[in-house]
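Enquirer: Handing you this structure, nothing more for now.
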Amino acid sequence: MQLDWRIHFLGWHFFRNEPWHWPPGRIENYFAPAGTAIGFTDSIPLLAFLLKPFSSWLPETFQYLGLWLLTCFILQGVFGALLARLWTPSRLLQLLAATFFVLMPTLLIRVGHPSLCAHWLLLWALWFYFRGESGGAQPVSAQLALGLIAGLMHPYLAVMVLAVLAALAVKDWNRHAAAGFTAAIAAVLSGWWLAGLFTVSGADNLSSDGFSYYSLNLLSPITPSGWSTLLPSMPLATEGQAYEGFQYFGAGTLALTIVAAAMVLVARPRLPRRVLWPVVAATMICAIYALSPRVTLGATTLVDVSHLVSDRFALFRATGRFFWPLGYLLLTGTLALVSTRLAPRAAIATLTLALAVQLVDLSAAHQQRYATSRSAAFHAWENPLRASLWHQALPHYDHLVLYPPRQCASAPIGFEGPAYLAGLHGLTINSAEVARFDDPARIAYCAHLSQQMATGMVDERSIYLMDQATAAQFKSVAVTPLACGPIDVMTVCVSQASYQTWRAGAELGE
(Lines give C-alpha, C1' and ligand atoms only; values in the text may rest on other atoms or scores of the structure.)
Protein backbone atom coordinates (compact mmCIF):
# COMPACT_ATOMS: atom_id res chain seq x y z
CA MET A 1 0.00 0.00 0.00
CA GLN A 2 1.54 3.25 -1.12
CA LEU A 3 1.60 6.47 0.82
CA ASP A 4 0.15 9.53 -0.84
CA TRP A 5 1.03 12.76 0.92
CA ARG A 6 1.82 15.94 -0.95
CA ILE A 7 2.99 19.36 0.14
CA HIS A 8 1.75 22.36 -1.83
CA PHE A 9 4.13 24.87 -0.28
CA LEU A 10 2.62 28.34 -0.86
CA GLY A 11 0.78 26.97 -3.87
CA TRP A 12 4.02 26.31 -5.69
CA HIS A 13 3.93 22.52 -5.83
CA PHE A 14 0.37 22.48 -7.13
CA PHE A 15 1.33 25.19 -9.58
CA ARG A 16 4.29 23.17 -10.89
CA ASN A 17 2.76 19.70 -10.62
CA GLU A 18 1.10 17.50 -13.21
CA PRO A 19 -2.72 17.49 -13.48
CA TRP A 20 -4.68 16.06 -10.57
CA HIS A 21 -4.65 12.34 -10.06
CA TRP A 22 -5.87 9.78 -7.57
CA PRO A 23 -3.09 7.18 -7.39
CA PRO A 24 -4.14 3.57 -6.88
CA GLY A 25 -3.58 2.01 -3.49
CA ARG A 26 -3.24 5.29 -1.60
CA ILE A 27 -4.07 5.44 2.07
CA GLU A 28 -6.24 8.18 3.55
CA ASN A 29 -4.13 11.00 4.92
CA TYR A 30 -5.19 13.39 7.62
CA PHE A 31 -5.36 16.54 5.61
CA ALA A 32 -5.99 16.00 1.89
CA PRO A 33 -5.45 13.75 -1.13
CA ALA A 34 -2.68 14.63 -3.56
CA GLY A 35 -3.28 17.33 -6.12
CA THR A 36 -6.81 18.15 -4.95
CA ALA A 37 -6.61 20.27 -1.81
CA ILE A 38 -4.60 23.39 -2.38
CA GLY A 39 -7.28 25.16 -0.35
CA PHE A 40 -5.95 23.52 2.81
CA THR A 41 -2.49 24.97 2.39
CA ASP A 42 -3.01 28.73 2.90
CA SER A 43 -1.61 29.13 -0.59
CA ILE A 44 -4.04 31.41 -2.50
CA PRO A 45 -5.71 28.89 -4.85
CA LEU A 46 -6.87 31.68 -7.19
CA LEU A 47 -3.29 32.56 -8.14
CA ALA A 48 -2.26 28.93 -8.41
CA PHE A 49 -5.08 28.31 -10.90
CA LEU A 50 -4.34 31.46 -12.90
CA LEU A 51 -0.61 30.79 -13.12
CA LYS A 52 -0.66 27.03 -13.64
CA PRO A 53 -1.00 27.31 -17.48
CA PHE A 54 2.26 29.30 -17.53
CA SER A 55 4.23 26.87 -15.36
CA SER A 56 6.29 25.48 -18.22
CA TRP A 57 7.65 28.96 -19.02
CA LEU A 58 8.53 29.91 -15.46
CA PRO A 59 11.43 28.73 -13.27
CA GLU A 60 10.93 25.90 -10.80
CA THR A 61 11.28 28.17 -7.77
CA PHE A 62 8.97 30.90 -9.08
CA GLN A 63 6.83 32.50 -6.38
CA TYR A 64 4.39 35.36 -6.47
CA LEU A 65 4.00 36.49 -2.88
CA GLY A 66 5.62 39.89 -3.28
CA LEU A 67 3.41 40.74 -6.26
CA TRP A 68 0.39 39.41 -4.37
CA LEU A 69 1.05 41.60 -1.32
CA LEU A 70 1.49 44.66 -3.53
CA THR A 71 -1.81 43.85 -5.25
CA CYS A 72 -3.60 43.50 -1.92
CA PHE A 73 -2.46 46.90 -0.69
CA ILE A 74 -3.34 48.55 -4.00
CA LEU A 75 -6.83 47.02 -4.01
CA GLN A 76 -7.28 47.95 -0.34
CA GLY A 77 -6.72 51.57 -1.33
CA VAL A 78 -8.88 51.31 -4.46
CA PHE A 79 -11.91 49.93 -2.65
CA GLY A 80 -11.32 52.33 0.25
CA ALA A 81 -11.49 55.21 -2.23
CA LEU A 82 -14.60 53.74 -3.90
CA LEU A 83 -16.30 53.57 -0.51
CA ALA A 84 -15.37 57.18 0.24
CA ARG A 85 -16.65 58.20 -3.18
CA LEU A 86 -20.13 57.17 -2.06
CA TRP A 87 -20.28 60.04 0.43
CA THR A 88 -17.90 62.68 -0.91
CA PRO A 89 -16.92 63.97 -4.38
CA SER A 90 -13.66 65.38 -2.98
CA ARG A 91 -10.68 63.51 -4.42
CA LEU A 92 -8.55 64.60 -1.49
CA LEU A 93 -11.02 63.25 1.06
CA GLN A 94 -11.23 60.02 -0.93
CA LEU A 95 -7.44 59.73 -0.89
CA LEU A 96 -7.27 60.38 2.86
CA ALA A 97 -9.98 57.80 3.52
CA ALA A 98 -8.22 55.24 1.31
CA THR A 99 -5.00 55.80 3.26
CA PHE A 100 -6.77 55.00 6.53
CA PHE A 101 -7.95 51.69 5.07
CA VAL A 102 -4.42 50.87 3.84
CA LEU A 103 -2.96 51.70 7.27
CA MET A 104 -5.39 49.45 9.16
CA PRO A 105 -3.12 47.51 11.56
CA THR A 106 -5.22 44.36 11.17
CA LEU A 107 -4.13 44.31 7.52
CA LEU A 108 -0.53 45.30 8.18
CA ILE A 109 0.02 42.51 10.71
CA ARG A 110 -1.11 39.95 8.11
CA VAL A 111 1.81 40.52 5.74
CA GLY A 112 3.33 37.34 7.15
CA HIS A 113 0.12 35.47 6.25
CA PRO A 114 -0.35 36.46 2.58
CA SER A 115 -3.56 34.55 1.84
CA LEU A 116 -5.32 36.54 4.56
CA CYS A 117 -4.16 39.91 3.24
CA ALA A 118 -7.12 40.16 0.88
CA HIS A 119 -9.06 42.47 3.20
CA TRP A 120 -10.12 44.34 0.08
CA LEU A 121 -12.73 41.60 -0.38
CA LEU A 122 -14.49 42.92 2.73
CA LEU A 123 -14.31 46.49 1.40
CA TRP A 124 -15.65 45.27 -1.94
CA ALA A 125 -18.61 43.67 -0.15
CA LEU A 126 -19.25 46.84 1.88
CA TRP A 127 -19.07 48.88 -1.31
CA PHE A 128 -21.75 46.65 -2.84
CA TYR A 129 -23.82 47.11 0.29
CA PHE A 130 -23.77 50.91 0.37
CA ARG A 131 -23.57 51.56 -3.37
CA GLY A 132 -27.27 50.88 -3.84
CA GLU A 133 -28.11 53.86 -1.64
CA SER A 134 -26.28 56.10 -4.11
CA GLY A 135 -28.26 54.88 -7.09
CA GLY A 136 -25.85 52.13 -8.14
CA ALA A 137 -26.87 48.56 -8.82
CA GLN A 138 -25.54 45.32 -7.43
CA PRO A 139 -25.56 43.01 -10.46
CA VAL A 140 -25.94 39.31 -9.84
CA SER A 141 -22.86 38.68 -11.99
CA ALA A 142 -20.76 41.02 -9.84
CA GLN A 143 -21.81 39.25 -6.63
CA LEU A 144 -21.08 35.92 -8.29
CA ALA A 145 -17.59 37.15 -9.20
CA LEU A 146 -16.97 38.38 -5.66
CA GLY A 147 -18.14 35.05 -4.24
CA LEU A 148 -15.96 33.00 -6.58
CA ILE A 149 -12.86 35.08 -5.89
CA ALA A 150 -13.48 34.88 -2.13
CA GLY A 151 -14.05 31.14 -2.38
CA LEU A 152 -10.72 30.75 -4.15
CA MET A 153 -8.94 32.96 -1.63
CA HIS A 154 -9.50 31.83 1.95
CA PRO A 155 -12.46 30.22 3.78
CA TYR A 156 -12.44 32.78 6.60
CA LEU A 157 -12.65 35.72 4.20
CA ALA A 158 -15.31 33.97 2.13
CA VAL A 159 -17.60 33.52 5.14
CA MET A 160 -17.16 37.17 6.15
CA VAL A 161 -17.98 38.31 2.61
CA LEU A 162 -21.11 36.17 2.62
CA ALA A 163 -22.17 37.74 5.92
CA VAL A 164 -22.09 41.22 4.35
CA LEU A 165 -23.84 40.01 1.19
CA ALA A 166 -26.51 38.37 3.35
CA ALA A 167 -27.11 41.75 4.98
CA LEU A 168 -27.39 43.26 1.48
CA ALA A 169 -30.07 40.71 0.55
CA VAL A 170 -32.01 41.48 3.73
CA LYS A 171 -31.71 45.25 3.19
CA ASP A 172 -33.00 45.17 -0.39
CA TRP A 173 -35.38 42.24 0.19
CA ASN A 174 -36.45 41.54 -3.36
CA ARG A 175 -36.07 38.83 -5.95
CA HIS A 176 -33.00 40.43 -7.50
CA ALA A 177 -31.25 40.66 -4.12
CA ALA A 178 -32.07 37.03 -3.35
CA ALA A 179 -30.70 35.98 -6.73
CA GLY A 180 -27.49 37.89 -6.08
CA PHE A 181 -26.94 36.30 -2.67
CA THR A 182 -27.78 32.83 -4.02
CA ALA A 183 -25.26 33.35 -6.81
CA ALA A 184 -22.63 34.43 -4.28
CA ILE A 185 -23.21 31.33 -2.13
CA ALA A 186 -23.01 29.05 -5.18
CA ALA A 187 -19.82 30.79 -6.30
CA VAL A 188 -18.17 30.46 -2.88
CA LEU A 189 -19.05 26.77 -2.73
CA SER A 190 -17.72 26.31 -6.27
CA GLY A 191 -14.47 28.00 -5.27
CA TRP A 192 -14.17 25.75 -2.25
CA TRP A 193 -14.82 22.68 -4.41
CA LEU A 194 -12.24 23.74 -6.99
CA ALA A 195 -9.72 24.35 -4.19
CA GLY A 196 -10.37 20.89 -2.74
CA LEU A 197 -11.94 21.94 0.54
CA PHE A 198 -14.46 19.10 0.38
CA THR A 199 -11.86 16.34 0.03
CA VAL A 200 -11.11 15.68 3.68
CA SER A 201 -13.04 12.75 5.08
CA GLY A 202 -14.21 12.59 8.67
CA ALA A 203 -14.98 16.31 8.84
CA ASP A 204 -16.93 15.82 12.06
CA ASN A 205 -13.65 14.89 13.73
CA LEU A 206 -11.57 17.85 12.59
CA SER A 207 -9.34 18.96 15.43
CA SER A 208 -10.65 21.97 17.37
CA ASP A 209 -7.46 22.60 19.33
CA GLY A 210 -7.00 26.30 19.91
CA PHE A 211 -10.68 27.23 19.95
CA SER A 212 -11.03 30.24 22.33
CA TYR A 213 -7.22 30.54 22.42
CA TYR A 214 -7.27 32.50 19.14
CA SER A 215 -10.23 34.65 20.11
CA LEU A 216 -11.06 38.33 20.29
CA ASN A 217 -10.44 40.10 23.59
CA LEU A 218 -12.86 42.87 24.50
CA LEU A 219 -9.84 45.17 24.77
CA SER A 220 -8.39 44.13 21.39
CA PRO A 221 -9.47 47.28 19.47
CA ILE A 222 -7.59 49.52 21.90
CA THR A 223 -4.63 47.42 23.01
CA PRO A 224 -1.75 47.64 20.51
CA SER A 225 0.08 44.44 21.44
CA GLY A 226 3.41 46.11 20.66
CA TRP A 227 2.23 48.05 17.60
CA SER A 228 1.95 51.52 19.17
CA THR A 229 4.48 54.18 20.06
CA LEU A 230 1.79 56.23 21.84
CA LEU A 231 -0.40 53.76 23.74
CA PRO A 232 0.62 51.05 26.21
CA SER A 233 -0.15 47.39 25.64
CA MET A 234 -2.51 45.68 28.04
CA PRO A 235 -2.38 42.10 29.28
CA LEU A 236 -4.45 39.59 27.35
CA ALA A 237 -5.92 36.26 28.35
CA THR A 238 -3.93 34.18 25.82
CA GLU A 239 -0.93 34.69 23.57
CA GLY A 240 -3.12 33.78 20.60
CA GLN A 241 -5.18 36.91 21.16
CA ALA A 242 -2.14 39.07 20.41
CA TYR A 243 -2.11 37.83 16.80
CA GLU A 244 -5.31 36.08 15.70
CA GLY A 245 -7.30 38.33 18.02
CA PHE A 246 -5.31 41.43 17.10
CA GLN A 247 -7.76 44.22 16.24
CA TYR A 248 -5.92 47.40 17.20
CA PHE A 249 -7.28 50.38 15.26
CA GLY A 250 -4.29 52.69 15.71
CA ALA A 251 -4.21 55.88 17.75
CA GLY A 252 -5.20 58.07 14.81
CA THR A 253 -8.23 55.98 13.94
CA LEU A 254 -9.23 55.74 17.61
CA ALA A 255 -9.04 59.53 17.93
CA LEU A 256 -11.10 59.94 14.78
CA THR A 257 -13.67 57.46 16.12
CA ILE A 258 -14.01 59.54 19.30
CA VAL A 259 -14.61 62.63 17.17
CA ALA A 260 -17.29 60.83 15.15
CA ALA A 261 -18.95 59.52 18.32
CA ALA A 262 -19.01 63.05 19.76
CA MET A 263 -20.70 64.29 16.58
CA VAL A 264 -23.41 61.68 16.96
CA LEU A 265 -23.98 62.54 20.62
CA VAL A 266 -24.00 66.31 20.10
CA ALA A 267 -25.77 66.70 16.75
CA ARG A 268 -27.85 63.52 17.03
CA PRO A 269 -28.09 63.04 13.25
CA ARG A 270 -30.89 60.90 11.90
CA LEU A 271 -29.05 57.81 10.77
CA PRO A 272 -30.65 55.69 8.03
CA ARG A 273 -31.68 52.78 10.26
CA ARG A 274 -33.28 50.80 7.45
CA VAL A 275 -29.95 50.88 5.63
CA LEU A 276 -27.71 50.29 8.62
CA TRP A 277 -29.38 47.68 10.76
CA PRO A 278 -28.85 44.62 8.45
CA VAL A 279 -25.11 45.21 8.03
CA VAL A 280 -24.69 46.16 11.69
CA ALA A 281 -26.52 42.98 12.72
CA ALA A 282 -24.47 40.77 10.35
CA THR A 283 -21.12 42.20 11.43
CA MET A 284 -22.12 42.12 15.10
CA ILE A 285 -22.91 38.41 14.78
CA CYS A 286 -19.44 37.91 13.32
CA ALA A 287 -17.94 39.93 16.18
CA ILE A 288 -19.79 37.90 18.81
CA TYR A 289 -18.44 34.73 17.22
CA ALA A 290 -14.99 36.35 17.34
CA LEU A 291 -15.27 36.50 21.14
CA SER A 292 -15.66 32.68 21.25
CA PRO A 293 -17.46 30.90 24.11
CA ARG A 294 -14.76 32.15 26.49
CA VAL A 295 -15.29 35.91 26.69
CA THR A 296 -12.28 37.80 28.05
CA LEU A 297 -11.54 41.34 29.15
CA GLY A 298 -7.80 41.81 29.38
CA ALA A 299 -6.43 38.90 31.39
CA THR A 300 -9.83 38.23 33.02
CA THR A 301 -12.31 35.64 31.81
CA LEU A 302 -15.80 37.09 32.13
CA VAL A 303 -17.84 34.20 30.74
CA ASP A 304 -16.86 30.66 29.84
CA VAL A 305 -19.52 28.47 28.27
CA SER A 306 -17.13 26.48 26.08
CA HIS A 307 -18.32 23.25 27.70
CA LEU A 308 -21.79 23.92 26.31
CA VAL A 309 -20.63 24.56 22.75
CA SER A 310 -20.31 21.83 20.14
CA ASP A 311 -16.99 21.30 18.39
CA ARG A 312 -18.82 22.12 15.17
CA PHE A 313 -18.65 25.79 16.18
CA ALA A 314 -14.86 25.44 16.23
CA LEU A 315 -14.69 24.79 12.50
CA PHE A 316 -13.22 28.31 12.28
CA ARG A 317 -11.14 28.09 15.40
CA ALA A 318 -9.25 31.40 14.90
CA THR A 319 -12.43 33.22 15.80
CA GLY A 320 -10.72 36.55 16.51
CA ARG A 321 -10.51 37.22 12.76
CA PHE A 322 -14.28 37.56 12.56
CA PHE A 323 -14.13 41.05 14.02
CA TRP A 324 -12.71 42.33 10.73
CA PRO A 325 -16.10 43.08 9.06
CA LEU A 326 -17.28 45.12 12.05
CA GLY A 327 -13.90 46.83 12.30
CA TYR A 328 -14.07 47.95 8.68
CA LEU A 329 -17.72 48.97 9.06
CA LEU A 330 -16.78 51.14 12.05
CA LEU A 331 -13.94 52.72 10.10
CA THR A 332 -16.27 53.33 7.14
CA GLY A 333 -18.88 54.97 9.38
CA THR A 334 -16.27 57.09 11.16
CA LEU A 335 -14.79 58.41 7.92
CA ALA A 336 -18.24 59.06 6.45
CA LEU A 337 -19.43 61.00 9.51
CA VAL A 338 -16.33 63.18 9.72
CA SER A 339 -16.30 63.83 5.96
CA THR A 340 -19.99 64.76 5.74
CA ARG A 341 -20.68 66.51 9.04
CA LEU A 342 -17.75 68.91 8.85
CA ALA A 343 -17.11 71.56 6.23
CA PRO A 344 -14.75 70.27 3.51
CA ARG A 345 -11.71 72.17 4.76
CA ALA A 346 -12.37 71.17 8.37
CA ALA A 347 -12.87 67.54 7.31
CA ILE A 348 -9.61 67.55 5.36
CA ALA A 349 -7.74 69.09 8.29
CA THR A 350 -9.25 66.62 10.78
CA LEU A 351 -8.47 63.57 8.64
CA THR A 352 -4.95 64.82 7.90
CA LEU A 353 -4.22 65.36 11.59
CA ALA A 354 -5.62 61.94 12.53
CA LEU A 355 -3.62 60.34 9.72
CA ALA A 356 -0.44 61.97 11.03
CA VAL A 357 -1.17 60.56 14.50
CA GLN A 358 -1.78 57.14 12.94
CA LEU A 359 1.56 57.24 11.13
CA VAL A 360 3.46 58.31 14.24
CA ASP A 361 1.70 55.66 16.31
CA LEU A 362 2.61 52.85 13.92
CA SER A 363 6.06 54.16 12.97
CA ALA A 364 8.08 51.97 15.33
CA ALA A 365 6.30 48.81 14.19
CA HIS A 366 6.87 49.77 10.56
CA GLN A 367 10.53 50.53 11.15
CA GLN A 368 11.03 47.20 12.88
CA ARG A 369 9.40 45.28 10.04
CA TYR A 370 11.22 47.35 7.44
CA ALA A 371 14.58 46.52 9.02
CA THR A 372 13.67 42.86 9.47
CA SER A 373 12.52 42.38 5.89
CA ARG A 374 15.75 43.88 4.56
CA SER A 375 18.14 41.96 6.76
CA ALA A 376 20.27 39.20 5.31
CA ALA A 377 18.86 36.71 7.80
CA PHE A 378 15.29 37.34 6.57
CA HIS A 379 16.18 36.33 3.03
CA ALA A 380 18.42 33.40 3.94
CA TRP A 381 17.41 29.86 4.72
CA GLU A 382 19.98 27.28 5.74
CA ASN A 383 18.76 23.99 4.35
CA PRO A 384 20.30 21.16 6.43
CA LEU A 385 19.98 18.86 3.40
CA ARG A 386 22.47 20.36 0.96
CA ALA A 387 24.35 17.37 -0.46
CA SER A 388 24.27 16.97 -4.25
CA LEU A 389 23.49 13.28 -3.71
CA TRP A 390 19.86 14.21 -2.92
CA HIS A 391 19.40 15.48 -6.46
CA GLN A 392 20.86 12.30 -7.86
CA ALA A 393 18.71 9.99 -5.74
CA LEU A 394 15.31 11.68 -5.43
CA PRO A 395 14.26 11.61 -9.13
CA HIS A 396 14.18 7.81 -8.86
CA TYR A 397 11.43 7.78 -6.21
CA ASP A 398 7.82 8.85 -5.80
CA HIS A 399 7.59 9.21 -2.02
CA LEU A 400 9.76 10.75 0.66
CA VAL A 401 8.93 9.16 4.02
CA LEU A 402 10.13 10.61 7.33
CA TYR A 403 9.98 8.25 10.26
CA PRO A 404 8.51 9.25 12.50
CA PRO A 405 6.80 12.25 10.89
CA ARG A 406 6.02 15.21 13.13
CA GLN A 407 2.30 14.40 13.33
CA CYS A 408 3.11 11.02 14.92
CA ALA A 409 6.05 11.69 17.27
CA SER A 410 9.25 13.68 17.59
CA ALA A 411 10.58 13.80 14.02
CA PRO A 412 14.31 13.30 13.30
CA ILE A 413 14.36 16.58 11.34
CA GLY A 414 12.06 19.50 10.60
CA PHE A 415 9.82 19.10 7.59
CA GLU A 416 11.05 22.20 5.72
CA GLY A 417 14.23 20.75 4.21
CA PRO A 418 12.67 17.45 3.09
CA ALA A 419 9.57 19.31 1.82
CA TYR A 420 11.73 21.62 -0.27
CA LEU A 421 13.54 18.67 -1.85
CA ALA A 422 10.26 16.81 -2.38
CA GLY A 423 8.83 19.86 -4.10
CA LEU A 424 11.85 20.26 -6.37
CA HIS A 425 11.66 16.65 -7.55
CA GLY A 426 7.89 16.05 -7.49
CA LEU A 427 7.80 13.55 -4.62
CA THR A 428 5.05 13.19 -2.07
CA ILE A 429 6.00 13.64 1.61
CA ASN A 430 4.40 12.48 4.84
CA SER A 431 5.23 15.41 7.10
CA ALA A 432 3.89 18.95 7.04
CA GLU A 433 2.69 21.95 9.01
CA VAL A 434 -1.09 21.66 9.26
CA ALA A 435 -3.52 23.78 11.24
CA ARG A 436 -6.55 21.51 11.05
CA PHE A 437 -6.64 17.76 10.67
CA ASP A 438 -8.81 14.70 11.02
CA ASP A 439 -7.42 13.29 14.26
CA PRO A 440 -8.75 9.72 13.86
CA ALA A 441 -7.19 9.60 10.39
CA ARG A 442 -3.92 10.90 11.83
CA ILE A 443 -3.90 8.21 14.51
CA ALA A 444 -4.73 5.53 11.94
CA TYR A 445 -1.93 6.69 9.64
CA CYS A 446 0.63 6.74 12.44
CA ALA A 447 -0.37 3.23 13.52
CA HIS A 448 -0.17 1.98 9.94
CA LEU A 449 3.26 3.53 9.39
CA SER A 450 4.58 2.14 12.68
CA GLN A 451 3.35 -1.33 11.70
CA GLN A 452 5.08 -1.04 8.32
CA MET A 453 8.34 -0.13 10.01
CA ALA A 454 8.05 -2.81 12.69
CA THR A 455 7.32 -5.55 10.15
CA GLY A 456 9.93 -4.33 7.66
CA MET A 457 7.55 -3.54 4.82
CA VAL A 458 9.51 -1.63 2.17
CA ASP A 459 8.05 0.32 -0.74
CA GLU A 460 10.35 0.23 -3.77
CA ARG A 461 9.24 3.75 -4.78
CA SER A 462 9.92 5.32 -1.37
CA ILE A 463 13.05 6.87 0.12
CA TYR A 464 13.08 6.74 3.93
CA LEU A 465 14.62 9.38 6.22
CA MET A 466 15.30 8.55 9.87
CA ASP A 467 17.96 8.63 12.56
CA GLN A 468 20.78 6.10 12.63
CA ALA A 469 19.36 3.83 15.35
CA THR A 470 15.92 3.65 13.75
CA ALA A 471 17.48 2.94 10.36
CA ALA A 472 19.49 0.07 11.81
CA GLN A 473 16.35 -1.44 13.35
CA PHE A 474 14.39 -1.02 10.11
CA LYS A 475 17.17 -2.65 8.09
CA SER A 476 17.32 -5.61 10.46
CA VAL A 477 13.66 -6.52 9.97
CA ALA A 478 13.20 -5.44 6.36
CA VAL A 479 11.62 -8.11 4.14
CA THR A 480 13.41 -6.51 1.17
CA PRO A 481 17.19 -5.92 1.27
CA LEU A 482 17.93 -2.28 2.12
CA ALA A 483 20.77 0.09 1.39
CA CYS A 484 21.18 2.59 4.22
CA GLY A 485 23.69 5.34 4.80
CA PRO A 486 24.13 8.94 5.90
CA ILE A 487 23.38 11.93 3.69
CA ASP A 488 24.00 15.21 5.49
CA VAL A 489 22.38 14.96 8.94
CA MET A 490 20.00 12.12 8.05
CA THR A 491 20.26 8.38 7.60
CA VAL A 492 18.61 7.33 4.34
CA CYS A 493 17.26 3.88 3.48
CA VAL A 494 16.11 2.64 0.09
CA SER A 495 15.62 -0.81 -1.39
CA GLN A 496 18.78 -2.39 -2.77
CA ALA A 497 17.10 -2.90 -6.12
CA SER A 498 16.19 0.77 -6.50
CA TYR A 499 19.59 1.85 -5.24
CA GLN A 500 21.31 0.07 -8.15
CA THR A 501 19.54 2.36 -10.65
CA TRP A 502 21.30 5.52 -9.45
CA ARG A 503 24.36 4.51 -7.42
CA ALA A 504 26.80 4.86 -10.32
CA GLY A 505 29.18 7.69 -9.60
CA ALA A 506 28.12 8.15 -5.96
CA GLU A 507 27.76 5.79 -3.05
CA LEU A 508 25.07 6.24 -0.41
CA GLY A 509 26.74 7.78 2.61
CA GLU A 510 29.75 9.22 0.79
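The values are calculated or read from the model by the stated rules, or taken from the named source; none is laboratory data. In this text the structure is predicted, and so the values were computed from the model without any measurement. All Cβ positions, even for glycine, are placed from backbone atoms using ideal geometry, and neighbour counts span all protein chains on display. Areas reflect the complete protein model, heavy atoms only, side chains present, ligands, DNA and RNA absent. Shrake-Rupley method; radii C 1.70, N 1.55, O 1.52, S 1.80 Å.
Enquirer: I need the shape label for region 361-510. Rule: rounded when a/c is under 1.5, else prolate if a/b > b/c, else oblate, with a, b, c from the alpha carbon gyration tensor.
Expert: Oblate shape, in that a/c is at least 1.5 and b/c is the bigger or equal ratio.
Enquirer: Kindly identify region 253-308 as rounded, prolate or oblate by the Cα gyration tensor criterion: order the square roots of the eigenvalues as a ≥ b ≥ c, call it rounded if a/c is under 1.5, otherwise compare a/b with b/c, prolate if a/b is larger, else oblate.
Expert: Note, shape of region 253-308 comes out oblate.
Enquirer: What share of the DSSP beta bridges in the chain is antiparallel, in percent to the nearest 5?
Expert: Close to 65 percent.
Enquirer: Taking the Cα centre of region 266-391 as the origin and placing charges on Cβ (Lys, Arg +1; Asp, Glu -1), which of Thr340, Ser388, Leu297 is farthest toward the positive end of the dipole?
Expert: Thr340
Enquirer: Between Asp439 and Met284, how many nm apart are label points set 7 Å from Cα along the C-beta direction?
Expert: Once both label points are built, they end up 3.5 nm from each other.
Enquirer: Lone cysteines in the chain, defined as no other cysteine's Cβ under 4.7 Å from theirs: which are they?
Expert: Cys286
Enquirer: On a 0 to 90° scale, report how tilted helix 120-131 is relative to the longest principal axis of the chain, with both axes built from alpha carbons and the result rounded to the nearest 10.
Expert: 30
Enquirer: Then there's this: Taking the Cα of Ala262, stepping 7 Å toward and past its beta carbon, and measuring to each backbone N in region 331-370: which are under 18 Å?
Expert: 334-358
Enquirer: Hey, can you find the accessible area per residue of the chain for me, probe 1.4 Å, expressed in square angstrom?
Expert: 45
Enquirer: Further question: State the answer as a single residue: which of Pro53, Phe101, Thr501 lies farthest towards the positive end of the charge dipole of the chain, with beta carbon charges of +1 for Lys and Arg and -1 for Asp and Glu, about the Cα centre.
Expert: Phe101
Enquirer: Between Ala454 and Trp277, what is the label-to-label distance in nm when each label sits 7 Å out along the Cα-to-Cβ direction?
Expert: Computed distance between label sites Ala454 and Trp277 equals 6.4 nm.
Enquirer: Per 0.36 nm of contour for each residue apart, how much would the distance between Ala145 and Asp304 grow if the chain were fully extended, relative to their Cα-Cα spacing?
Expert: My answer for the length gained is 53.3 nm.
Enquirer: May I ask which residue of Val458, Gly485, Leu121 lies farthest towards the positive end of the charge dipole of the chain, with charges of +1 (Lys, Arg) and -1 (Asp, Glu) on Cβ and the Cα centre as origin?
Expert: Of the listed residues, the answer is Leu121.
Enquirer: Right, here's the next one. Can you give me the C-alpha center-to-center distance between region 62-81 and region 375-447, rounded to a whole angstrom?
Expert: Cα centres, region 62-81 to region 375-447: 31 Å.
Enquirer: Once the piece of chain linking Arg91 and Ala349 is laid out straight, how much longer is it, given 0.36 nm per residue of separation minus the C-alpha distance between them? Display every interim value, and only then the final one.
Expert: Details: separation 258, 0.36 × 258 = 92.88 nm, distance 1.42 nm.
Net length gain for the segment: 91.5 nm.
Enquirer: To continue, here is another question. So if we plug the beta-carbon distance of Asp488 and Asn174 into 1/(1 + (r/R0)^6) with R0 = 51 Å, what FRET efficiency do we get, rounded to 0.05?
Expert: 0.20
Enquirer: Can you give me the relative contact order of the chain as a percent, contacts being Cα pairs under 8 Å and 6 or more apart?
Expert: In percent, rounded to a whole number, it is 16.
Enquirer: Would region 80-172 count as rounded, prolate or oblate if I go by the C-alpha gyration tensor, calling it rounded below 1.5 in a/c and otherwise prolate when a/b exceeds b/c, oblate otherwise?
Expert: Details: a/c = 2.32, a/b = 1.04, b/c = 2.23.
Because a/c hits 1.5 or more and a/b fails to exceed b/c, region 80-172 counts as oblate.
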